[in-house]
C-alpha cells in the first residue's frame, strides 16, 4: 500500500477476510459487477465472498491479491511480510550497537515524527 493508501493498521488487521475484500474493492473504486468481470466469476460469487458465506479458492485469492497489489498474507491475515532492505538492516545493526543514550535520543526523535 502506498503512502496515499494508508489506513489504520490495527483496524485492517482486525478485519475478517470478507471485510478486507470489501474494503479493498471499495478502495480500488470499483463495484461488484466490475470485479466479477475482472475475476471472471458470477455476481453471486463476489457477494458470497464479501458476505463471508464463501471464501475464494487459492487461485482466486492469488488473483485478488495481484489485482489489489497486496500479498496473500496481507489479503488473508491483514499482515504484510516485507523483506528488509540493506539500508534497514544497516540501521538495525547500528541501533543494536549504539549506547543507551543514543538509543534514547533515537526513540525521542522518532516518536516526535508521528
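The values are calculated or read from the model by the stated rules, or taken from the named source; none is laboratory data. Since the structure is predicted, the reported quantities are computational estimates derived from the model, not experimental observations. Glycine also receives a Cβ, built like all others from the backbone with ideal geometry; neighbour counts cover every protein chain displayed.
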If you take just the helices (runs of 4 or more DSSP H) that sit entirely in the stretch 15-114, which of them hold at least 1 residues that are crowded, with 16+ Cβ neighbours inside 10 Å and either in contact (Cβ under 8 Å) with a residue 60 or more places away in the chain or within 20 Å of the chain's Cα centre (by Cα) (or both)?
17-28, 32-39, 43-51, 58-68, 72-77
Tell me which residues, restricted to the stretch 56-68, are closer than 17 Å to residue 15 by Cα and at pLDDT 95 or above.
56, 61, 64
